[in-house]
1. Any idea which residue in the range 6-20 is nearest to Thr103 (Cα to Cα), counting only those that are surrounded by 14 or more Cβ atoms within 10 Å (Cβ to Cβ) and of a type in the set (Gly, Ala, Ser)?
2. Only residues that are among the polar types (S, T, N, Q) and either over 12 Å from the mean Cα position of the chain (by Cα) or more than 21 Å from Leu23 (Cα to Cα) (or both): list them for the range 36-54, please.
3. Within the range 6-21, count every residue that is over 16 Å from Glu65 (Cβ atoms), without any contact (Cβ under 8 Å) to a residue 40 or more places away in the chain and not in a loop (DSSP other than H, G, I, E, B).
4. When you go through Gly108, Gly55, Gly46 one by one, which is the residue that is modelled with pLDDT of 80 or more, more than 24 Å from Leu13 (Cα to Cα) and not β-branched (Val, Ile, Thr)?
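The values are calculated or read from the model by the stated rules, or taken from the named source; none is laboratory data. Note that this is a predicted model, so its numbers are computed, not measured. Reconstructed Cβ throughout: ideal geometry from the backbone, glycine too, with neighbour counts over all protein chains shown.
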Amino acid sequence: MTLWLSELDVLELMDMGNAISALKQGLLLEAHGQALNMTKTHISWGQGSTLHAIGAVFPTRDLREPRLGLTHPKEQNPSSTFRQQYWVIAGGDGGVRTRQLRTGAISGIATELLSARRQTNSQSSARASKR
């Protein structure tokens, strides 16, 4: 059975703490060869229009996370058939809020790792200066 989640579904289920935890788990699975991350692919045309696809699969957990996006400059007609279909799947703002959640989560992980590294380096420096 396939479960399709809209952006609003995801936002109702996920806060920043959960996003950080889920992203950490995904990165650990990828590091151990249990997840695959798709290279982002995109095509651009006209004055700033783009179509892009990204995604990941977690075969050991039977999870797949595809994402297809379409962007148009504001001056273009937003009523194209694909755009209407896409908005139904991705939400009225094209997934901006879930992208912000993902970006915030990876920033939180990076901050945590850099802070731990800095603390380790500071402790090493303190031990070396006591010698």
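1. If we take residues in the range 6-20 being surrounded by 14 or more Cβ atoms within 10 Å (Cβ to Cβ) and of a type in the set (Gly, Ala, Ser), then Ala19 is nearest to Thr103 (Cα to Cα).
2. Answer for the range 36-54, where residues must be among the polar types (S, T, N, Q) and either over 12 Å from the mean Cα position of the chain (by Cα) or more than 21 Å from Leu23 (Cα to Cα) (or both): Thr39, Thr41, Ser44, Gln47, Ser49, Thr50.
3. Result for the range 6-21: 2.
4. Of Gly108, Gly55, Gly46, the one residue that is modelled with pLDDT of 80 or more, more than 24 Å from Leu13 (Cα to Cα) and not β-branched (Val, Ile, Thr) is Gly46.
Residue-wise test of (1) part of a strand (DSSP E or B); (2) under 20 Å from Ala105 (Cβ atoms); (3) polar (S, T, N, Q); (4) more than 14 Å from the chain's Cα centre (by Cα).
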| site | (1), (2), (3), (4) |
| --- | --- |
| Trp4 | no, no, no, yes |
| Leu23 | no, yes, no, no |
| Leu27 | no, yes, no, no |
| Ala56 | yes, yes, no, no |
